[in-house]
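Student: Quick one: the structure is below, and I'll ask about it shortly.
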């Protein structure tokens, strides 16, 4: 009889971002977990949804300049396009794992 080992881990993506001032930062984004998805689902008002999204972005980003990146994203970028791009990358990772 073989023993099954289930490894609990969150998917993550290492990426580089160019800030609006031309500086480059390297960060890691962890995939949203179940608790965070529940928080977003419960948020009914736009203001609370934005607050929760920013809270989760801070929780899920890792790197020395993450606050600089978040501020720059808020002032000069789009949180929506960032999450769309990252979601596509997480999907590609999952597809690659399924093929193996």
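Student: If I fit a long axis through the Cα atoms of helix 79-99 and take the longest principal axis of the Cα atoms of the chain, what angle between them do I get, 0 to 90°, rounded to 10?
Tutor: The helix 79-99 is inclined about 20 degrees to the chain.
Student: While we're here: Which entry in (i) 10.2; (ii) 8.6; (iii) 14.7 is this structure's computed mean projected area of the Cα convex hull in nm²?
Tutor: (ii)
Student: Against the longest principal axis of the chain, how steep is helix 46-60, in degrees 0 to 90 to the nearest 10, with axes from Cα atoms?
Tutor: Helix 46-60 and the main axis of the chain meet at about 60 degrees.
Student: Then there's this: Using alpha carbons only, how many degrees (0 to 90, rounded to 10) separate the axis of helix 66-76 from the longest principal axis of the chain?
Tutor: Between the helix axis and the principal axis of the chain, the angle is about 60 degrees.
Student: Then there's this: Which order do peptides 54-62, 34-42 fall in by mean Cβ count within 10 Å, highest first?
Tutor: Ranked from most to least packed, the peptides come out as 54-62, 34-42.
Any read-out appearing in this document is the output of simple, stated calculations on the displayed coordinates, not a laboratory observation. Treat the numbers as computed from the prediction; the structure is a model and nothing was measured. Backbone-built Cβ (ideal geometry, glycine too); neighbour counts: all protein chains shown.
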